[in-house]
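Trainee: Okay, handing you the structure first.
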Amino acid sequence: MSTIVLIVFGFAIICYIEIPQLIEHKYWKELVIFLIFLLLAFVLMILYAMGIKLPNPNQPAEILLKFTSK
């Protein structure tokens, strides 16, 4: 449980540092992309901390490479 608290705290610090700068400079598109990637990373980190087995990203990449190399 302490790992999840540390993850939440770490992501909160990242948001506290990065988001105000993006809003101040009115980088709206960058803010949306940043939040999407941040949310994806947050969910993956929480799942990993909970001990849930995550799929290997190499398998879809190998299939795509084999398909495009023919």
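Trainee: Pull up region 41-67, narrow it to residues that are charged (D, E, K, R) and in a helix (DSSP H, G or I), then point me to the one that is farthest from the chain's Cα centre (by Cα).
Mentor: In the first step, residues of region 41-67 are kept if they are charged (D, E, K, R); the result is 53, 62, 66.
So of that shortlist, the ones also in a helix (DSSP H, G or I) come out as 62, 66.
Values: Glu62: 22, Lys66: 27 Å.
It comes out as Lys66.
Trainee: Here's another thing I want to ask about it. Just to be sure I understand the filter: pairs with C-beta atoms under 7 Å, separated by 6 or more residues or on different chains, first member in region 1-28 and under 29 Å from Ala49 (Cα atoms), second member among the polar types (S, T, N, Q) and in a helix (DSSP H, G or I). Which pairs pass?
Mentor: Short answer, once both residue conditions are applied: none.
Trainee: Going residue by residue through region 18-26, is there one that turns out to be surrounded by fewer than 12 Cβ atoms within 10 Å (Cβ to Cβ), part of a helix (DSSP H, G or I), at pLDDT 95 or above and touching a helix residue (DSSP H, G or I) at 6+ places or on another chain (Cβ under 8 Å)?
Mentor: Initially, region 18-26 is screened for residues surrounded by fewer than 12 Cβ atoms within 10 Å (Cβ to Cβ), giving 20-21, 23-26.
Retained after the next criterion (residues that are part of a helix (DSSP H, G or I)): 20-21, 23-24.
From the residues that got through so far, the ones that are at pLDDT 95 or above too are 20-21, 23-24.
Still in the running and touching a helix residue (DSSP H, G or I) at 6+ places or on another chain (Cβ under 8 Å): 23.
Yes: region 18-26 contains one or more residues that are surrounded by fewer than 12 Cβ atoms within 10 Å (Cβ to Cβ), part of a helix (DSSP H, G or I), at pLDDT 95 or above and touching a helix residue (DSSP H, G or I) at 6+ places or on another chain (Cβ under 8 Å).
Trainee: Here is a further query. Just to verify a result, which residue in region 41-55, among those that are aliphatic (A, V, I, L, M) and free of Cβ contacts under 8 Å to residues at least 40 places away in the same chain, is surrounded by the most Cβ atoms within 10 Å (Cβ to Cβ)?
Mentor: Taking the candidates together, the pick is Met45.
Trainee: If Glu30 passes every condition in (1) modelled with pLDDT under 95; (2) among the charged types (D, E, K, R); (3) surrounded by 10 or more Cβ atoms within 10 Å (Cβ to Cβ) but one, which one does it miss?
Mentor: Result: Glu30 passes all but (1).
Trainee: Does Ile4 meet the test of being among the β-branched types (Val, Ile, Thr), more than 12 Å from the chain's Cα centre (by Cα) and not in a helix (DSSP H, G or I)?
Mentor: The answer is no for Ile4.
Trainee: Condition test on Leu38, is it surrounded by 10 or more Cβ atoms within 10 Å (Cβ to Cβ), without any contact (Cβ under 8 Å) to a residue 24 or more places away in the chain, out of contact with any Ser or Thr (no Cβ under 8 Å at 6 or more places or on another chain) and in a helix (DSSP H, G or I)?
Mentor: Values: surrounded by 10 or more Cβ atoms within 10 Å (Cβ to Cβ): yes; without any contact (Cβ under 8 Å) to a residue 24 or more places away in the chain: no; out of contact with any Ser or Thr (no Cβ under 8 Å at 6 or more places or on another chain): yes; in a helix (DSSP H, G or I): yes.
No; evaluated as a whole, the condition is false for this residue.
The values are calculated or read from the model by the stated rules, or taken from the named source; none is laboratory data. Keep in mind it's a predicted model, so treat the numbers as computed, not measured. We place every Cβ from the backbone using ideal geometry, glycine too, and count neighbours over all the protein chains shown.
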